[in-house]
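These notes concern the structure reproduced below.
The values are calculated or read from the model by the stated rules, or taken from the named source; none is laboratory data. Computed from a prediction, not measured in an experiment: that's the story for all the values here. Neighbour counts are summed over all protein chains in view; Cβ atoms, including those assigned to glycine, are modelled from backbone coordinates with ideal geometry. With ligands, DNA and RNA removed, areas are computed over all heavy atoms of the protein, side chains included. Shrake-Rupley method; radii C 1.70, N 1.55, O 1.52, S 1.80 Å.
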Amino acid sequence: MKASFQAPSNIAFVKYWGARDLDLAIPNHPSISMTLEKCRSLCTVETQPYDGSADQVWLVDESGQRTDPGESFTRRVIAHLDRLRNHFGAQVRFTVGTRNTFPSAAGIASSASGFTALTLATLGALEREVSADELSLWARRSGSGSAARSTMGGYVEWPRGESEESCHAFELAPADHWDLRDVITIVQTAPKRVSSLDGHVAAPTSPHYERRLALVPRRLDQVRAAIHDRDLVALGPVIEEEFIEMHLVAMSSCPPVFYWSPATLAVLARVRELREDGLCGFATMDAGANVHVFCEPVEEPQIATALGETAGVDSVLRDGVGPGPSALAEPLI
Ligand code: DP6
């Protein structure tokens, strides 16, 4: 059997940072994200009868050329294949082919989209139909917790979950509720030096982490209300406060985790200047140096041009809110 799916990346308004169970990615607090339209991962999974040989994992480019994705990615993929294979009692080996629609050197988190597409294609190849809730659970169990939110489109909340089985995402609003844009400002093309996983491990060692946990519930309420009201002026200051606090926790963890570069600061200063000039753009950052700037469609061209001209910026990717995963007509392998 062979199955092919594509799944979106997502960008968090309220960040997942720190977990009760890191292997299964059960978070310490809820998070809220926007699903992206253009930044997606494609994946084909094929089953063969089990013959004792190892699963094969390939990066496949648009011409069909296969390359080895490297040991650490392959290990994470095979661990997830094992989890699904064992759960469903399948006597098969897998061949996986995957690629991203965005430049892999752009430093944009690809684990969320990649593991969601892998989960869907593996379930498809095993001929297993699961509910939306179960799909989010299986994506999360890959260990890339933010994958739990990439299983659906629009605006998505992933709760803390009182039990493992209830720790799945749900839709707050569909993509067509609010056409919000994300100008992704790339200042660092090399992979980040400290993984999100190491950041989650270190987070509780920060003296600011407990305070963060106390502040998150109010922020979640504000973000939910701003999404409901399609109110960027209400959303913006909350998401800026939120990402700065996540990075404050990272920088004050033991060992400290620094993701910001000089160009990051230049972009953040530019965003503030643009606001002084009357434009409405607000920033967030994941575990990396790149900056995502949210704005309304009418101001997107002007904001993208200004950010592209900022010193230290490599490139900008213009994305926006988008739908959830879907089946692919053409297999990658
Ligand atoms: C800062 O553990 O989901 O992006 O496995 O690298 O995708 P990856 O990361 P994950 O942590 C995500 C951390 C974050 C915030 C967020 O997306 O909520």
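Assorted remarks:
- When 289, 250, 263 are screened for being within 13 Å of the ligand (Cβ to nearest atom), in a helix (DSSP H, G or I) and of a type in the set (Gly, Ala, Ser), only 250 passes.
- Scanning the range 184-204 for residues that are within 9 Å of the ligand (Cβ to nearest atom), surrounded by fewer than 20 Cβ atoms within 10 Å (Cβ to Cβ) and of a type in the set (Ser, Thr, Tyr) gives a single hit, 195.
- Of all residues making up the range 108-134, the number that are within 12 Å of the ligand (Cβ to nearest atom) and either outside any helix (DSSP H, G or I) or surrounded by fewer than 19 Cβ atoms within 10 Å (Cβ to Cβ) (or both): 3
- Scanning the range 9-28 for residues that are under 19 Å from residue 170 (Cβ atoms), open to solvent by 10 Å² or more (accessible area, probe 1.4 Å) and in a loop (DSSP other than H, G, I, E, B) yields 16, 24, 28.
- Those residues of the range 45-77 which are under 20 Å from the mean Cα position of the chain (by Cα) and in contact (Cβ under 8 Å) with a residue 12 or more places away in the chain, in sequence order: 59, 69, 73, 74, 76, 77
- For the range 303-333, taking the residues that are over 21 Å from residue 43 (Cβ atoms) and among the charged types (D, E, K, R), the one that is surrounded by the fewest Cβ atoms within 10 Å (Cβ to Cβ) is identified as 309.
- Residue 159 in contact with a strand residue (DSSP E or B) (Cβ under 8 Å, 6 or more places away or on another chain), within 30 Å of residue 302 (Cβ to Cβ) and either at pLDDT 95 or above or surrounded by 15 or more Cβ atoms within 10 Å (Cβ to Cβ) (or both): no
- Residue pairs meeting the criteria (Cβ under 7 Å; at least 6 apart or on separate chains; first in contact (Cβ under 8 Å) with a residue 12 or more places away in the chain and aromatic (Phe, Trp, Tyr), in the range 137-164; second more than 13 Å from the ligand (Cβ to nearest atom) and part of a strand (DSSP E or B)): 155/172; 155/173
- Residue within the range 87-98 that is more than 11 Å from the ligand (Cβ to nearest atom) and closer than 29 Å to residue 181 by Cα present: yes
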